[in-house]
Amino acid sequence: MPLKPERQPMPVQDPGVRARNFDEVALGYSPEQAQAEASRCIQCKKPTCRMGCPVEVEIPQFIKHLRDGDLPNAVKALKSKNNLPAICGRVCPQETQCEAQCILAKKGTSVAIGRLERFVADWEGSQGITVPELLPATGRKVAIVGSGPAGLTAAADLARLGHSVTIFEALHVPGGVLSYGIPPFRLPRDVTRSEIDYVRSLGVEIQTNWIVGKTIDVEEMFSEGFEAVFLGTGAGLPQFMGVPGENLNGVFSANEFLVRVNLMKAYLFPEYDTPVKIGKRVAVIGAGNVAMDAARVSLRLGAEQVTIVYRRSEAEIPARHEELVNAREEGVAFKLLTAPTRVLGNEKGWVVGLECQGMDLGEPDASGRRRPVPKPGSEFVLDTDSVIVAIGTSPNPLIPQSTKGLKTGKHGTIVADESTGATSMEGVWAGGDAVTGAATVISAMGAGKRAAAAIHEYLISRTPAKLGLLR
Amino acid sequence: MYRIVATEVPTPNSKLFMIDAPRIARRAKAGQFVVIRVSEAGERIPLTIADHDPENGTITIIVQAIGKTTRKLSELNAGDSVADVVGPLGLATEIEKYGTVLCIGGGFGMAAMFPVAQAFKEAGNKLIAVIGARNESLLLWEDRMREIADEMLITTDDGSKGRKGMVIDALKDVLAEGRKLDLVVAVGPVIMMRAVANITRPYGVKTMVSLNPIMIDGTGMCGGCRVTVGGEQRFVCVHGPDFDGHEVAWDELMARLTIYQPEEKVALEKYQCEACKSA
């Protein structure tokens, strides 16, 4: 019996070269590779992969068209559910979602669904994006707050249904985490831009420099004629460890570090005005995707030694597997089972070291992961001059601060129904990191999609005659 | 793009800009600020709203040309535009009736303090305004302040107007005279605000300061503006900019303000060099 063909490897930039540039690491499949990979899909009658996808992409369908060389229909199938496939194909954790459910994964390696998604989306990008048919205009106005993955998805779906959609973005560039957070070597800016252009091509208006809660508030949006508001404001305030020395010079939140580099283009300083500070020896605290990004950006800015400090073991690392592999290949070092206890500074207030403690794994905690417990006598000092804290964020407080009647949870997250995104306020939905705390691009897109469906239902159930009565 | 409607040069070292930003003008309150990006490759900087006109839809900011960005901004005139203006940011100053409120401003703080002083006056407080500069020609908005103040104290380093000395000397005088102050509000360079807090501390006079640390987004995202206040970590952009001056960890704040000094110097030198080449 012939062996099943192996999964097509992703061509990548050489680790030694890419660790010093901001160009995309993964180069994408060639047409031959894509077709060969697509042929591995056995076209299950009951595709389990779809169930692993938060937006239920028509996976077997788009792969079948790709296998048959029918790219236009592959695009159509893909985009019937996913408005931002070029982004998802690059940043989704497929190995825990669609690919984890692939039947081939039971006996070997799953179909490389994410890579195929990227191939199809990039092909469309190279052809010039076609605007799908929109339903007739309903004249109903919807406000979307935040232009990250949740907001863009909700906006695109609602626009396709014929509604008049305006996105309000706080920063000067749309995209949310796709612009300020994820570095260009993982998600090139022209990819983000062309996905946003696609959303605009559906008639969605994007207003930058609008901070809802400051420039305008939710109540005002209703009085200005919006009938529904979706809050996709993302994760906000960076969390710090709460150890002494965290405000020393040379300690940055990953948000600050990445915003300087990705949003403000500090890697082009002094061409661009925003500077970024990077030491010779950088310690990155945390091991999620953001930590990997910060570590790899540090290398690209010229750091000589970059160490990820993580209090659990490799098995618990929350980052996407591919990014962990990439980081390692590029030379990022890992100090696992290690927790910082203090940042050490010199007399001028600059970081000179990170005092750490070794950890053991104990019983599982509330998250189901084994709880790290300090190992006595294992204290040591990591020689470092920069510390980047990437241990998560709390939701942005601006909207809850300014919106009476909007219920928030104990960590400041907006309380919203999981299946619809409905909040405690009539006419207001929410989704993405603002609701869940820091999570993934695709889960935010899933929330945006579900909320868009709920908003659409709400709008059509409200006949114009009722409008005056309800509000 | 945000259009500059008018400019003025109130003193030789500062420039005033009225910017068309109707949404911000409509909602701005005393003590709030905007983040401005002058041009496409520019950085985002926070600037206090010195005045706003909801009817005409303009906000007013006053800038002293010190670094590259403030210099670049200062070269613009009416009819020019800046790339981005976003706000109003930060929490508005909590205005209450305290009794006697002394507002003390130095540098750009002379103008930044104005709306706060005005709001305290309107809330029924007796207002003592203290402003000071190196010499008479550098005093900002003396006339406007005089209009609202019950008492006006002016200091100049060279004695060309008012008391010779610094604003904190005038504050010391008032306290030494045994006069009762119910609140002191300080706006200006960190070194001055710290000095004010140190002077009022032994008198037990509540002292409010308006902090202006390194900031990027201004919306609570980057954490660059974090300060320790009363032993707690606070973000100036969403928890401030006003804090109790007796609780601020000043040394830490001052150290943090120096983080990018070498880069700021590089940027400025490069800018000046290009400016002279094109001249």
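The values are calculated or read from the model by the stated rules, or taken from the named source; none is laboratory data. Predicted model only: the values in this text are computed from it and were never measured. Cβ atoms come from the backbone with ideal geometry, glycine included; neighbour counts cover every protein chain shown. Ligands, DNA and RNA are excluded from the accessible area calculation, which covers all protein heavy atoms including side chains. Shrake-Rupley method; radii C 1.70, N 1.55, O 1.52, S 1.80 Å.
Among the criteria (1) more than 8 Å from every other protein chain (Cβ to nearest Cβ); (2) aliphatic (A, V, I, L, M); (3) over 23 Å from B:Arg27 (Cα atoms), the one A:Val218 does not fulfil is (3). May I ask you to list the residues in segment B:12-22 that are farther than 21 Å from B:Arg71 by Cα and surrounded by 22 or more Cβ atoms within 10 Å (Cβ to Cβ)? The one that is farther than 21 Å from B:Arg71 by Cα and surrounded by 22 or more Cβ atoms within 10 Å (Cβ to Cβ): B:Ala21.
For segment A:49-66, a residue qualifies if it is at pLDDT 90 or above and open to solvent by less than 10 Å² (accessible area, probe 1.4 Å), and the qualifying residues are A:Val57, A:Ile59, A:Phe62, A:Ile63, A:Leu66.
Can you say whether A:Val297 is in contact with a helix residue (DSSP H, G or I) (Cβ under 9 Å, 6 or more places away or on another chain), open to solvent by less than 20 Å² (accessible area, probe 1.4 Å) and closer than 19 Å to A:Phe22 by Cα, as far as the supplied structure shows?
Numbers: in contact with a helix residue (DSSP H, G or I) (Cβ under 9 Å, 6 or more places away or on another chain): yes; open to solvent by less than 20 Å² (accessible area, probe 1.4 Å): yes; closer than 19 Å to A:Phe22 by Cα: yes.
Yes, satisfied.
Identification of helices (runs of 4 or more DSSP H) wholly contained in segment A:67-125 with 3 or more residues that are open to solvent by less than 20 Å² (accessible area, probe 1.4 Å) yields A:71-79, A:85-91. Scanning segment A:301-335 for residues that are over 19 Å from A:Gln13 (Cβ atoms) and either touching a residue at least 60 places away in the same chain (Cβ under 8 Å) or part of a helix (DSSP H, G or I) (or both) yields a total of 7. Look at segment A:115-137: where a residue is more than 26 Å from A:Gly162 (Cβ to Cβ) and a partner is surrounded by 11 or more Cβ atoms within 10 Å (Cβ to Cβ) and of a type in the set (Lys, Arg), sitting 6+ places away or on another chain with Cβ atoms under 6 Å, you get A:Arg118/A:Arg90. In the set B:Ala78, B:Ala65, only one residue is closer than 30 Å to B:Arg134 by Cβ, more than 16 Å from the chain's Cα centre (by Cα) and either charged (D, E, K, R) or open to solvent by 30 Å² or more (accessible area, probe 1.4 Å) (or both); that residue is B:Ala78. For the criterion of being under 22 Å from A:Asn326 (Cα atoms) and at pLDDT 95 or above, A:Val259 passes.
Consider segment A:221-242 and keep the residues that are touching a residue at least 60 places away in the same chain (Cβ under 8 Å) and over 27 Å from A:Glu418 (Cβ atoms). The one that is farthest from the other protein chains (Cβ to nearest Cβ) is A:Gly225. The set of residues from segment B:233-268 being more than 8 Å from chain A (Cβ to nearest Cβ) and of a type in the set (Lys, Arg) comprises B:Arg234, B:Lys265. Reported count of residues in segment A:243-262, each being more than 8 Å from chain B (Cβ to nearest Cβ) and either farther than 17 Å from A:Gly345 by Cβ or surrounded by 24 or more Cβ atoms within 10 Å (Cβ to Cβ) (or both), is 6. Taking segment A:1-55 and the helices (runs of 4 or more DSSP H) fully enclosed by it, the elements with 2 or more residues that are within 30 Å of A:Gly448 (Cα to Cα) are at A:31-38, A:48-51. When segment A:267-286 is limited to residues that are facing chain B (nearest Cβ under 9 Å) and of a type in the set (A, V, I, L, M), the one that is most open to solvent (accessible area, probe 1.4 Å) turns out to be A:Leu268. Filtering B:Ala112, B:Ala92 for residues that are away from chain A (no Cβ under 14 Å) and either within 24 Å of B:Cys237 (Cα to Cα) or in contact (Cβ under 8 Å) with a residue 40 or more places away in the chain (or both) leaves a single hit, B:Ala112. Residues in segment B:206-232 that are small (Gly, Ala, Ser) and more than 10 Å from chain A (Cβ to nearest Cβ) were compared, and the one that is least open to solvent (accessible area, probe 1.4 Å) is B:Ser210. Please tell me if B:Leu171 is out of contact with any Cys (no Cβ under 6 Å at 6 or more places or on another chain), more than 14 Å from every other protein chain (Cβ to nearest Cβ), surrounded by fewer than 22 Cβ atoms within 10 Å (Cβ to Cβ) and at pLDDT 95 or above. So B:Leu171 fails the test.
When segment A:206-215 is filtered for residues that are free of Cβ contacts under 8 Å to residues at least 60 places away in the same chain, within 9 Å of chain B (Cβ to nearest Cβ) and open to solvent by less than 30 Å² (accessible area, probe 1.4 Å), the ones remaining, listed by number, are A:Asn209, A:Thr215.
Looking only at segment A:159-169, decide whether some residue is within 27 Å of B:Glu232 (Cα to Cα) and within 14 Å of chain B (Cβ to nearest Cβ). Spell out how you get there, then give the answer.
Going residue by residue through segment A:159-169, those that are within 27 Å of B:Glu232 (Cα to Cα) are none.
Looking for residues that are within 27 Å of B:Glu232 (Cα to Cα) and within 14 Å of chain B (Cβ to nearest Cβ), one finds none in segment A:159-169, hence no.
Scanning segment B:233-246 for residues that are open to solvent by 10 Å² or more (accessible area, probe 1.4 Å) and over 28 Å from A:Gly234 (Cα atoms) yields B:Asp244, B:His246.
Taking the residues in segment A:126-147 that are among the polar types (S, T, N, Q) and within 15 Å of A:Leu158 (Cβ to Cβ) as candidates, determine which candidate is most open to solvent (accessible area, probe 1.4 Å). Steps first, please.
At the first step, the residues of segment A:126-147 found to be among the polar types (S, T, N, Q) are A:126-127, A:130, A:138, A:147.
So of that shortlist, the ones also within 15 Å of A:Leu158 (Cβ to Cβ) come out as A:138, A:147.
Numbers: A:Thr138: 59, A:Ser147: 1 Å².
Taking the candidates together, the pick is A:Thr138.
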